[in-house]
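The values are calculated or read from the model by the stated rules, or taken from the named source; none is laboratory data. Remember, predicted model here, so these are calculated numbers, not experimental data. Note that each Cβ is placed from the backbone with ideal geometry, even for glycine, and that neighbours are counted across all protein chains shown. Each accessible area value is taken on the protein alone, full model and side chains, heavy atoms only, with ligands, DNA and RNA left out. Shrake-Rupley method; radii C 1.70, N 1.55, O 1.52, S 1.80 Å.
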Amino acid sequence: MRMFNSWLNLFWIFLHLFIFQFSPRISAIRKDIGFLEKPICRNTVQGRYLLSDDNESGCCPGKAEKFSCHGCNLLSQCCNSYEFCVSCCLNPSRTQKEQVLKVKIAKQATAGTYAGVFDFCAGRCRHNSESVVHENAYLSDFHHCFSLPSNSSGAGNTQLEGRLNGINVIVGRQSESCDSVCKSNGQSCVPNKLLVLNQCEIMQKYMTCKGACLASMGADQPAEVVDDAPKNLNPGACLFTRAQAMLSCDGSHPFTRRLCPCA
């Protein structure tokens, strides 16, 4: 019995050697076969019901609306939802790539800049210090904003003044609205230019601002507090509003003089 098992083992060994010897060899290895790379889906992630992608990775279905600004105030460039803020911001007609690439991610001198438009929109639309008051409350429901920060290298004085071409900038009288200021000069107030005037650099060019330039809230801004105003109102100070959705041509205040864009 042992002899038979030995011969059987030898038979199988020779059979395997024979098959290996005369079987066709593999002549090459295909290089076109491999694991398919899963495309990177760059999107806003955090939304429970809404999603905005970078318009390149195609995360959103084709039927989704492109560059939607639903729930956004296009004058202030602020929205009431994060996802629609990012979507609206991605529109090339509203956000210039060459400008946002110069914007720093944080205020520190060592902070880096945004890598692209999607990174800028996703970061800028998050809640930031410019959309809160007393560090624990929002200025308004429209607290997701994608406008360039006023101190960014992409929004210097020259660029701001360039956006005022054809605009007659007039300092109004005390307690006068911009509608009234412009009308008295035979012109009309241009609402979408109030955002440009709502910058300390611009106000200091047309007003004295001897009491500094302060963030405030009010439909009468941008404006300058008159010298004879009560001390608690900061006489002589220029005021800009961080609640940009409140910018209006018809606002006024008994102790301020407005800076108005007329045409």
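Cβ-Cβ under 6 Å, sequence separation 6+ or interchain: first residue in segment 233-260 and in contact (Cβ under 8 Å) with a residue 60 or more places away in the chain, partner part of a helix (DSSP H, G or I) and not hydrophobic (A, V, I, L, M, F, W, C). Which pairs?
Every condition considered, the pairs that remain are 242/130; 249/179; 249/191; 250/179; 259/206.
State all residues of segment 164-179 that are of a type in the set (S, T, N, Q) and in contact with a strand residue (DSSP E or B) (Cβ under 9 Å, 6 or more places away or on another chain); if no residue qualifies, say none.
Scanning segment 164-179 gives 168, 174, 175, 177.
Any chance segment 48-69 includes a residue that's part of a loop (DSSP other than H, G, I, E, B), closer than 16 Å to residue 147 by Cβ, at pLDDT 70 or above and small (Gly, Ala, Ser)?
There is no residue in segment 48-69 that is part of a loop (DSSP other than H, G, I, E, B), closer than 16 Å to residue 147 by Cβ, at pLDDT 70 or above and small (Gly, Ala, Ser).
Could you list all residues from segment 237-263 that are crowded, with 17+ Cβ neighbours inside 10 Å and in a loop (DSSP other than H, G, I, E, B)?
Once the filter is applied, which keeps residues that are crowded, with 17+ Cβ neighbours inside 10 Å and in a loop (DSSP other than H, G, I, E, B), segment 237-263 yields 237, 242, 243, 247, 248, 249, 251, 252, 253, 255.
With the requirement that a residue be closer than 19 Å to residue 191 by Cα and open to solvent by 10 Å² or more (accessible area, probe 1.4 Å), what does segment 75-92 give you?
Hits for segment 75-92 are 75, 77.
Just checking, does segment 197-205 include any residue being assigned to a loop (DSSP other than H, G, I, E, B) and surrounded by fewer than 17 Cβ atoms within 10 Å (Cβ to Cβ)?
Within segment 197-205, none of the residues are assigned to a loop (DSSP other than H, G, I, E, B) and surrounded by fewer than 17 Cβ atoms within 10 Å (Cβ to Cβ).
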